[in-house]
Amino acid sequence: MTDKNYWIWLQLCLGQGASFKEIIEEFGSVQKLYEGGLFEWKLSPSISQKQAERLLSFKLEDAEKIISDCESNSWSIITYDDALYPQRLKEISNPPAVLYIDGSIEGYEELAPLAVVGTRKASTYALRAARIMAKGYELCGGAVVSGGALGVDSAAHRGALEAGGITYAVLGCGFGVDYLNENKDLRNKIKASGGALISEYPPRTPATKFSFPMRNRIISALSLGTLVVEAGQKSGSLITADYATEQGRDIFAIPASIFDSHFLGTNLLIDDGAVVATSPSVIVAQYAERFETLDLSKALSVQELASLGDKINKTTKKSDQIDFDNMPQDRVKRVNLSNKENNLSNNEKAVFEALNDELQTIESITDKCKLNLNEVLASLTLLEMEGLITSASGQRYKKR
């Protein structure tokens, strides 16, 4: 058995988004954790009762099947202790135990990656802006990270590719599933550019409404900063911005009309201190002194941006504006606090009722409401966006 088997076993048992650093530190290695068995797991101060039971739910043979599947399809497996595992991602409180890579992430540490995110039902203005900003940033020597979805994500990836640059797509599902065939050609171009498709989900894992908010923490963590192009008040892009803030990353936002509700979330970010990004040079200037790969002198001028915007406006694909994913972005109406509580889903109610006025950890909340970790994390995110709860460092939450 290799370390990969043990890391995959751990990820299968605890699920995506679980905090495992303290557990591994206590046991010394993931292999020693596995060998500890139920008796030692139950004695561990780092492992909850529920987690101890979950560690029995998968075997090393399950991990071996995943490794075999990846080898057959030339998909790479990067574990938390691998030299290729991105350092920025390793630093967050709940990094993925395993990353699955279709393409290459070699040399990633030398890059200056920028996350570009926004709605799937994007306006023409947002699509143009995403494409121009991504292209301009790549022309200056940067790299773009996004989610591979339609709308702003696709526009950002295309802009990066047009510049002859490298771009990375973090997926909310495993490889080998029938997901967003409209973007299959784009995904192939991303790999051909020297970039990669990245996922923390094992191959054949379908996308769910919970998986997209979870993958957003990876998009922000892999990047120096996050550029939010278009986001309404309930946009999933704000989840990425929240993660970026928690992770100590920079937030950039595209300015737009104060009368357009589709940009309400973006404008609120600006109110909260996000850097107004009127051109790629604004972002490049933030990092040029730290990264030799960035060259501010190659930034597009205002005239060049205007000309490029006109050309992009004529070539924007209508399919970029269609939403094929089940993102929970418009589920709760804008009503007062008491009505918001009445409009919660069953999962959200369970999580909300498990909270009180004191900060609680993810593990404590999960144990109380008897949901799986992904359901709890997704519900917490939505509750926070509704203004019903607040979060603190260390993934702790309480009622507002």
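The values are calculated or read from the model by the stated rules, or taken from the named source; none is laboratory data. Only a predicted model underlies this, so the values are computations on that prediction, with no experimental measurement involved. Here the Cβ positions follow ideal geometry from the backbone for every residue, glycine too, while neighbour counts run over all protein chains shown.
A few comments on the model shown:
- Restricted to region 111-136, and to residues there that are assigned to a loop (DSSP other than H, G, I, E, B) and charged (D, E, K, R), the residue that is nearest to the chain's Cα centre (by Cα) is Arg120.
- Of the helices (runs of 4 or more DSSP H) lying entirely inside region 49-110, those containing at least 3 residues that are at pLDDT 95 or above and closer than 30 Å to Phe291 by Cα are 87-90.
- Selection from region 240-278 of residues that are buried (at least 20 other Cβ atoms within 10 Å of the Cβ), β-branched (Val, Ile, Thr) and in a strand (DSSP E or B): Ile251
- Here Ser93, Ser44, Ser76 are screened, and the one residue that is closer than 21 Å to Lys21 by Cβ and in contact with a Ser or Thr (Cβ under 9 Å, 6 or more places away or on another chain) is Ser93.
- In region 272-284, the residues that are closer than 18 Å to Ser257 by Cβ reach residues that are part of a helix (DSSP H, G or I) with C-beta atoms within less than 8 angstrom, at least six apart or across chains, in these pairs: Ala274/Ala241; Val276/Ile270; Val276/Val282; Ala277/Met133; Ala277/Ile283.
- The residues in region 1-23 that are buried (at least 19 other Cβ atoms within 10 Å of the Cβ) and part of a helix (DSSP H, G or I) can be counted, and the count is 12.
- Residue selected from region 294-318 under the condition surrounded by 15 or more Cβ atoms within 10 Å (Cβ to Cβ) and part of a loop (DSSP other than H, G, I, E, B), by the criterion modelled with the highest pLDDT: Leu294
- Enumeration of residues in region 107-124 that are closer than 15 Å to Gly148 by Cβ and small (Gly, Ala, Ser): Ala115, Gly118, Ala122
- Among the conditions (1) among the polar types (S, T, N, Q); (2) under 29 Å from Ala63 (Cβ atoms); (3) crowded, with 21+ Cβ neighbours inside 10 Å, Thr119 misses just one, which is (2).
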